[in-house]
Amino acid sequence: MFKIIVILSYLLAVSVFGIYGQGYEFGFKITGSVEGVKTGSTIFLMDTKNDTICSTKAVDSHFEMLGRLPFEGEMLLLGIVTESGIKKIVPVFVENDKIDIVCDFGSSGNDAVKIIGSSTHNEYVQVVNEESAILEGVKNRFLNESNATGKKIVISEYAESQIRELQGYRIMWILNHPDSYLSPWLLLRYFSESKELFRYFNALSRKALSGKYGKDLKSKMDTERLLAVGSVMPDFELTSVDGNLVKLSKLVGSYNFTIIDFWASWCGPCRSEFPEMKKNFSLFREKGVMVIGYSVDKMETSWRSTVLKESLPWINVIDTNDGANMKYNVEKLPTYFLLDSEGRIVNRFNDNKAIWDFVKESL
């Protein structure tokens, strides 16, 4: 069993009158001792995109790392590469503060890391533990009811109850912790509806919004404002399946309505809606309705083969650079935007039937 005792520390060098989010002069200094790991083993911190923040080699069971986070409360991955090449990783929420970490790579879940000094990580553990208790409570309630009545558990009702109670708990936690760096992380991770995001975003304090995920949430909200109903859809120019460049702003004026269908070849729900999509497209094409299939595939070959296999009759473009998420806040597939002849957003849908019902009523 590998045990790591890590001390994250730095000298606090900021005025008490400083502004949240400015960070500290020296960032963090990480020192630690490693039990059971030989000299030469690599200790590292990386972000969730697998970019290394800092790393070092263990020497006589000790190591030291220096670094600085631009924003507070970021989830990083603390890891070790052993002499045999085995990599072990645990998530930690790090702040520019003095943090003591006891990490046991032989354990799992919340037992794998113990932290003193990072309020964000301790709040994260609190939330995870409470969520586990909620799930256990829902399970026991359904089991007891099933045993008492002799009826089988309806999986859909069970899942809905889990989601409803978890989301209710998260909402109350966010409202009760407006200063926490974890609150915007919870919003980004578990909420996607614009109305909900704006409601709880506005409940957060300046401090919470100054952290890593507060900044990310603010950026997302800024994009959502650009995507409000009545706004002109942000333009794109992408390559179609036949090799031509398609510019949205030059296309929409030729149609009464344009539907942007965000999808991917690996998305089962997206592909399952193609038959109905093709049926409605054939009915409304002559009435001035165009569909643009906006693929978020990373592999162009997968996109092309799927367009061919599914015989998609509309305009098909691909964006391999994550533009759908960055420009249009598309986090669920499929997602549909309905635009008018001026390129203004009429509505946004996650359901194929809903968008065609809207088109039928509007023409």
Under-24-angstrom lysine pairs by C-alpha in the range 237-362, whenever the two are 8 or more apart or on separate chains: 26
Spacing of the two label points (7 Å from each Cα toward its C-beta) at L251 and E237, in nm: 1.4 nm
Neighbour-count ranking [beta-carbon atoms within 10 angstrom, fewest first] of I101, I259: I101, I259
Distance (nanometres) between label positions extended 7 Å along Cα→Cβ at S341 and K87: 5.5 nm
Relative contact order (percent, whole number), the range 249-327, Cα cutoff 8 Å, 6+ residue spacing: 34 percent
Among (i) 18.3; (ii) 48.9; (iii) 23.9, the entry that matches mean projected area of the Cα convex hull in nm² as calculated here: (iii)
Amide H within-cut-off set for V113, under 5 Å, with H built and near neighbours excluded: D104
Isolated Cys in the chain, by beta carbon distance under 4.7 Å: C54, C103
Burial ordering of H121, H177, fewest other beta-carbon atoms within 10 Å first: H177, H121
Amide hydrogen neighbours beyond the local backbone of V330, cut-off 5 Å, H modeled: N325
Using alpha-carbon coordinates, inclination of helix 155-176 to the longest axis of the chain, degrees: 60 degrees
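List the relative contact order of the chain as a percent without decimals, with contacts defined as Cα pairs under 8 Å and 6+ residues apart.
After rounding, I find 12 percent.
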Built amide H within the under 5 Å cut-off of V291, gap 5+: I259, I315
Of all DSSP beta bridges in the range 237-362, antiparallel share, percent nearest 5: 55 percent
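Fewest first, what order do Y294, Y190 take by the number of other Cβ atoms within 10 Å?
Y190, Y294
Rounded to the nearest 20 Debye, what is the dipole magnitude of the chain about its Cα centre when Lys and Arg each give +1 and Asp and Glu each give -1 at the C-beta?
Values: 42 positive and 46 negative charges, 85 e Å.
Computed charge dipole of the chain: roughly 400 debye.
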Contact order normalised by residue count of the range 299-354, Cα under 8 Å, 6+ apart, percent: 22 percent
Summed residue charge, Cβ within 13 Å of S146's Cβ, Lys/Arg positive, Asp/Glu negative: +2
The range 142-171-the range 57-79 distance, computed between alpha-carbon centres (Å): 41 Å
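A short reminder: the numbers here are calculations on the coordinates, not readings from a lab. This one's a predicted model, so the numbers in the text were calculated from it and none came from an experiment. Here Cβ is always computed from backbone atoms with ideal geometry, including for glycine, and neighbour counts include all displayed protein chains.
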